Amino acid sequence: MMMAVGCSSSSSGGNSSEGEGKVKIVWAHGKDDTAQSKKLIEAFNAKHQNIEVVELEMPQKSDAQHDDYVTKLAAGDTSIDVFSLDIIWPPEFGAAGWLEPLNDYFSKEDLEKLLPGPVEGTQYKGKQIAIPLYTDAGVLFYRKDILEKYGKQPPKTFEELMVLAKELQGKEGTKYGFVFQANQYEGLVCNWLEYVWANGGNVLDKDGNVVVNSPNTIEATKFMKELVDQVAPPGVTTYQEPESLAVFLEGKAVFHRNWPYAWKASSGPESKISGKVGVIPMPKGPKGTSGAATLGGWNLGINKNIDEEKKKAAAEFIKFAVSPEGQKIVAIEGGRLPVLKEMYKDEEVLKANPHFAEFFEPLMAAKPRPVSPNYPKISDAIQRNIHKVLTGGLSAEEAVANIEKEIKEIEK
Ligand code: GLC
């Protein structure tokens, strides 16, 4: 493994400014089911005669991308110039010193044009180690046509969601009440935290103390298990985003938790449910004060080991990605939440995503997952234990106690 990585790094590093006099930049990003990444590259390359961005498509799963990048970066590999980074990685990558600080490329004024949450999430000890490309927040999609037909209001609480999902599953060609992501992977942590937060629970408090073992968290975990048992497809504990979206697009589910990109797919011409979908915030639990959304999102960072010429070219690409032109591609082609503030007032963007205007406040209130250089281990503790609850191998009480013990050990 190390050998192979070493070889590829030296050959690609040596090619940096050879060829047709163009600087070639390799941008690695997760599998993109929208046209966003390709359009960004096309638009950038068309404007830059001396730089050529090429893409390296990675698996869709955040965890798999993470492990591949960590192996490469730890070995000093230079086969990738620009990385798409999940919002949970900057503390870890920053602490390891793997990414080029971008403070010299982006002024304070440049950064002020972007949403503050994602900008803060990409800083590590005063260094801007990545620049947000788009942000994410979990939302609840629902079949507007079905709720209207049966005279129902969209749910605001766990209980209302459960009652409606049970009552409406099977109506109008649906089979399931609710579909979401319950595979053992990062997306499960995002889903679970939304119930925990919405029920007044938390993993770490403001001072970093582990507070996960609470009645609120246990109750939220039990609710998730009830969803799995009573209203979700039998395979839901193997579903990631693409599988859950597919069930919803097939017209088989009444409710669907996903990220905003699912709007574009649901309302596109190839969708069987086009024009029949509504989107609302996730519901709140009996012990909570409001529904909660997990903050997600992807960011662009530059490999610290590449040469100066490549770093400059890579920074040009990132600047383009957060320019109005780049961000329109993100919002319209990707259906994703842009990070450039002015996009939320842009007519074309709002036409493609009517829910952006209405949802600006709740989307911006999305909560970050525990911020720690050890986040992958924390996530693993949550994923393993919660997945066992959902598949019937552990009680919610046991799982939450295990998570508390494991995180205390990790953060010691
Ligand atoms: C989305 C989010 C990301 C999250 C992932 C989980 O891509 O943007 O932050 O980790 O989903 O599947």
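The values are calculated or read from the model by the stated rules, or taken from the named source; none is laboratory data. Nothing here was measured: the structure is a model prediction, and the numbers come from that model. Cβ coordinates were reconstructed from backbone atoms using ideal geometry, including for glycine residues, and neighbour counts include every protein chain displayed.
Does ALA292 satisfy being within 16 Å of the ligand (Cβ to nearest atom), modelled with pLDDT of 95 or more and small (Gly, Ala, Ser)? Here the answer is yes, as ALA292 does meet what is asked. For beta carbons closer than 7 Å, sequence separation of 6+ or different chains, a first residue in segment 178-199 that is farther than 13 Å from PHE223 by Cβ and within 12 Å of the ligand (Cβ to nearest atom) and a second that is assigned to a helix (DSSP H, G or I) and acidic (Asp, Glu), the qualifying pairs are GLN181/GLU241; TYR185/ASP63; GLU186/ASP63; GLY187/GLU241.
You will find that of ALA265, ALA220, ALA246, the residue that is within 18 Å of ALA399 (Cβ to Cβ) and either out of contact with any Lys or Arg (no Cβ under 8 Å at 6 or more places or on another chain) or not hydroxyl-bearing (Ser, Thr, Tyr) (or both) is ALA220 and no other. Taking first residues from segment 27-44 that are in the same structural domain as ILE318 (by TED's automatic domain parsing) and partners that are modelled with pLDDT under 95 and among the aromatic types (Phe, Trp, Tyr), the Cβ contacts under 7 Å between residues at least 6 apart in sequence or on separate chains come to THR34/TYR261.
Do we find a residue being within 16 Å of the ligand (Cβ to nearest atom), free of Cβ contacts under 8 Å to residues at least 60 places away in the same chain and either of a type in the set (Val, Ile, Thr) or more than 27 Å from GLN184 (Cβ to Cβ) (or both) anywhere in segment 92-107? No, there is no match, as no residue in segment 92-107 is within 16 Å of the ligand (Cβ to nearest atom), free of Cβ contacts under 8 Å to residues at least 60 places away in the same chain and either of a type in the set (Val, Ile, Thr) or more than 27 Å from GLN184 (Cβ to Cβ) (or both).
Being of a type in the set (Gly, Ala, Ser), in contact with a strand residue (DSSP E or B) (Cβ under 9 Å, 6 or more places away or on another chain) and farther than 22 Å from PRO101 by Cα is the filter here; which residues of segment 309-341 pass it?
ALA331, GLY334
Annotation note: of GLY208, GLY268, the sole residue that is more than 26 Å from GLU333 (Cβ to Cβ), among the small types (Gly, Ala, Ser) and modelled with pLDDT under 95 is GLY208. Among the residues of segment 240-256, the ones that are surrounded by fewer than 21 Cβ atoms within 10 Å (Cβ to Cβ) and outside any helix (DSSP H, G or I) come to 4 in all. Out of the residues in segment 226-236 meeting the condition of being in a helix (DSSP H, G or I) and crowded, with 19+ Cβ neighbours inside 10 Å, tell me which one is nearest to the ligand (Cβ to nearest atom). The residue in question is VAL236.
Being among the polar types (S, T, N, Q), touching a strand residue (DSSP E or B) at 6+ places or on another chain (Cβ under 9 Å) and within 16 Å of the ligand (Cβ to nearest atom): is that true of GLN169 here?
no
Within segment 296-310, the set of residues being closer than 17 Å to LEU85 by Cβ and surrounded by 22 or more Cβ atoms within 10 Å (Cβ to Cβ) comprises GLY296, GLY297, TRP298, ASN299, LEU300, GLY301, ILE302, ASN303, ILE306.
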